[in-house]
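*Asks:* Sharing a structure below in structure tokens format, with a few things to ask.
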Amino acid sequence: MRATLFSKSEEPEEGPASEAVLVDISLAQRAERILQGSGRCVCGLVKDEAKDATPISRGEGHVTHFHGPFSVIPPQLVSATTKFGARVEHIPYPKCQLLGERDERRRDIQGKSQELLKKLRVEAPASTTVQDVSEAPQKRRVTVEDAPDEDGEDAFDFAPGGDADYFMEEDDEGRFFGGGLTSEQKEILNIFDKAGDSAEPEDPLSLPAIRRSLLRLERAINKNQDQRSKYPDDPTKFIDSEADLDSAIKALLPLSQAPALAYKELVRSGTIAQLVGLFTHENVDIVIDVVELLYELTDDDVTDESDEESETALKELIESLVDLSVLDLLVENLPRLNEAEESDRQGVFHILGVFENILGFNPDLATTLVEKTKLLPWLLNRIQGKTHDENRGYSAEILSILLQNSTPNRLAFGREDGVETVLKLLSHYRRREPADADETEYMENLFVTLCSALAEPSIKQLFLEAEGHDLMVLMMKEKLQSRSRAIKALDHAMSGPRGVHVCNAFVDALGLKTLFAAFMGKVGG
């Protein structure tokens, strides 16, 4: 352990007198690591400012700490260091209490330093006279050799802690560049680091975390819009911001797990309006991301019937979506999606899912959806797909939901030639069974749609004109799944005063014979 001393009895040729300062480099290194948690501390000697002073710190951004029994740092020491861009900070001794062996070494250094300083100030040769003093050459500065350690060189560890990242010949004591920590001290720090790493992470569904996610989305939207407006013809300029926007949208998917907290914040912050605004985005993949998010947020499974707060939050969210014309925007985006692509096909599925979720929450919106959008024509076209797939079956289900309790929708169904379309599709099952459970559900939804529409007198007439009664009689003759559904459809068609004409046509088609045979179980094919 060494010390550098400056005697105030010897003034430099230029500049103010310096204070007596003890610079304990090893302790400075340790305090830097213990108290500041920073990297290595580069320390050096301080000379007279007027004589090209050597800076205390040579590392950019590093802080040099002086430790000593002083309440303030001497001005000359400050000017000598700040001249070279270093920052000086005084840390009183009580804050530098380290562990174990360090305390003993510190006290030893203080004692030796005080003794050396006392010798420099007090001791003088007894035979020295005034003349000798006047004749002797004037010395402006005294250099004091470092006091040797009593324990010998073996007692000093090169770069305590063994974490120096330089060659030993560059520094024979390992103080300037070493970490200055013993193995015991490093182990203590590692324990604290591990304790910090093992701390529980912040709940991603807490209110602060939710707000950060929403803020991240807002920034991503603004950045993407800005870059797209600046470079509309150069996708390479905005592709990164588009990827960030995609990531920010998907990061909101977990919010469906905390509807009571997250949904209110979505509406309050205006984020839901920003999401709806993305339906007009040039990149259809962004639109698909938003649709998927809304599908998850509006799912009935996110709330529990016993949780009134969650139900209220979901209601508020759906009302906000409807007010923002989300139904119109969803329908307008259906033609943009190419179902030959898997991602677009999933986008169509999620759009239909959003319709189902919203209608399940508020069935009265079915009439609005048909009257103000072009969803009904799209559904009638989609259910006529040549091959059965998931979206064709889902379209038939949405169509049946729209017609369940809405007279205006049923009449619109008739005006769009829906009766003839459904009868044509049902004729495929006159002699064959559906291929699988999904196609069976598709067929059942077609029958449900037809039965719902037949509640209207005008639809009964359209059914008769399309010879629907003849098709139902043919289905009754076969022992297939469609037989029972055909009987149910005839029941709806012939019920009520307006069903008289259908009854007469049914009798003329020998429907009673086929019906009684079906009751007796004698119908075979």
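*Asks:* Looking for whichever is among the small types (Gly, Ala, Ser) and either exposed (fewer than 15 other Cβ atoms within 10 Å of the Cβ) or at positive phi (or both) here; the options are Ala435, Ala396, Ala453. Which one fits?
*Replies:* Ala435
*Asks:* Before we move on, is Phe413 under 25 Å from His469 (Cα atoms) and buried (at least 22 other Cβ atoms within 10 Å of the Cβ)?
*Replies:* Spelling it out, Phe413 is indeed under 25 Å from His469 (Cα atoms) and buried (at least 22 other Cβ atoms within 10 Å of the Cβ).
Let's see how each residue does on (1) surrounded by 16 or more Cβ atoms within 10 Å (Cβ to Cβ); (2) among the polar types (S, T, N, Q); (3) farther than 21 Å from Thr440 by Cα:
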residue	(1), (2), (3)
Glu478	yes, no, no
Arg485	yes, no, no
Ala493	yes, no, yes
Val500	no, no, yes
Phe519	no, no, yes
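*Asks:* Going by what's in this entry, would Ser247 be described as exposed (fewer than 14 other Cβ atoms within 10 Å of the Cβ) and modelled with pLDDT of 95 or more?
*Replies:* Taking the combined requirement at face value, the residue satisfies it.
*Asks:* Within segment 195-215, identify whether any single residue is hydroxyl-bearing (Ser, Thr, Tyr), over 30 Å from Asp285 (Cβ atoms), assigned to a helix (DSSP H, G or I) and at pLDDT below 90, and answer yes or no.
*Replies:* Within segment 195-215 (the criterion being hydroxyl-bearing (Ser, Thr, Tyr), over 30 Å from Asp285 (Cβ atoms), assigned to a helix (DSSP H, G or I) and at pLDDT below 90), the answer is no, since none of the residues qualifies.
*Asks:* Being in a helix (DSSP H, G or I), under 49 Å from the mean Cα position of the chain (by Cα) and either of a type outside the set (Asp, Glu) or in the same structural domain as Leu402 (by TED's automatic domain parsing) (or both): is that true of Leu446 here? Please lay out each step first, then the result.
*Replies:* Working: in a helix (DSSP H, G or I): yes; under 49 Å from the mean Cα position of the chain (by Cα): yes; either of a type outside the set (Asp, Glu) or in the same structural domain as Leu402 (by TED's automatic domain parsing) (or both): yes.
Spelling it out, Leu446 is indeed in a helix (DSSP H, G or I), under 49 Å from the mean Cα position of the chain (by Cα) and either of a type outside the set (Asp, Glu) or in the same structural domain as Leu402 (by TED's automatic domain parsing) (or both).
*Asks:* If we scan segment 254-262, do we find a residue that is of a type in the set (Ser, Thr, Tyr), in a helix (DSSP H, G or I) and under 20 Å from Glu316 (Cα atoms)?
*Replies:* We begin by selecting, within segment 254-262, every residue of a type in the set (Ser, Thr, Tyr); these are 256.
Those left that are additionally in a helix (DSSP H, G or I): 256.
In the following step, the residues that additionally are under 20 Å from Glu316 (Cα atoms) were identified as 256.
Yes, some residue in segment 254-262 is of a type in the set (Ser, Thr, Tyr), in a helix (DSSP H, G or I) and under 20 Å from Glu316 (Cα atoms).
*Asks:* While we're looking at this one, here's another question. When you check Asp226 against the structure, is it surrounded by fewer than 17 Cβ atoms within 10 Å (Cβ to Cβ) and either assigned to a helix (DSSP H, G or I) or among the hydrophobic types (A, V, I, L, M, F, W, C) (or both), yes or no?
*Replies:* Yes.
*Asks:* Return only the number of the condition from (1) basic (Lys, Arg); (2) more than 22 Å from the chain's Cα centre (by Cα); (3) at pLDDT 90 or above that Arg175 does not satisfy.
*Replies:* (3)
*Asks:* Every residue in segment 425-441 that is assigned to a helix (DSSP H, G or I) and without any contact (Cβ under 8 Å) to a residue 24 or more places away in the chain, please.
*Replies:* Correct list: His428, Ala437.
*Asks:* Moving on. Are any residues in segment 297-311 among the small types (Gly, Ala, Ser) and outside any loop (DSSP other than H, G, I, E, B), and if so, which ones? Steps first, answer last, please.
*Replies:* As a first pass, look at segment 297-311 and keep what is among the small types (Gly, Ala, Ser): 306, 310.
The one that is among the small types (Gly, Ala, Ser) and outside any loop (DSSP other than H, G, I, E, B): Ser310.
*Asks:* Test Leu379 against the criterion of being in contact (Cβ under 8 Å) with a residue 24 or more places away in the chain, surrounded by 16 or more Cβ atoms within 10 Å (Cβ to Cβ) and closer than 25 Å to Leu337 by Cα, and give yes or no.
*Replies:* It is false that Leu379 is in contact (Cβ under 8 Å) with a residue 24 or more places away in the chain, surrounded by 16 or more Cβ atoms within 10 Å (Cβ to Cβ) and closer than 25 Å to Leu337 by Cα.
*Asks:* Being in contact with a helix residue (DSSP H, G or I) (Cβ under 8 Å, 6 or more places away or on another chain), part of a helix (DSSP H, G or I) and either surrounded by fewer than 20 Cβ atoms within 10 Å (Cβ to Cβ) or hydroxyl-bearing (Ser, Thr, Tyr) (or both): is that true of Lys460 here? Before the answer, list the steps.
*Replies:* Numbers: in contact with a helix residue (DSSP H, G or I) (Cβ under 8 Å, 6 or more places away or on another chain): yes; part of a helix (DSSP H, G or I): yes; either surrounded by fewer than 20 Cβ atoms within 10 Å (Cβ to Cβ) or hydroxyl-bearing (Ser, Thr, Tyr) (or both): no.
So Lys460 does not fit the description; no.
*Asks:* Check off (1) exposed (fewer than 14 other Cβ atoms within 10 Å of the Cβ); (2) out of contact with any Leu (no Cβ under 8 Å at 6 or more places or on another chain); (3) in a loop (DSSP other than H, G, I, E, B) for Pro363 and give me the number that stays unchecked.
*Replies:* Condition (1) is where Pro363 drops out.
*Asks:* Among the candidates Leu314, Leu294, which residue alone is modelled with pLDDT under 95, outside the structural domain of Tyr394 (by TED's automatic domain parsing), assigned to a helix (DSSP H, G or I) and under 17 Å from Lys264 (Cβ atoms)?
*Replies:* The conditions single out Leu314.
The values are calculated or read from the model by the stated rules, or taken from the named source; none is laboratory data. This one's a predicted model, so the numbers in the text were calculated from it and none came from an experiment. Note: ideal-geometry Cβ built from the backbone for every residue, glycine included; neighbour counts use all protein chains shown.
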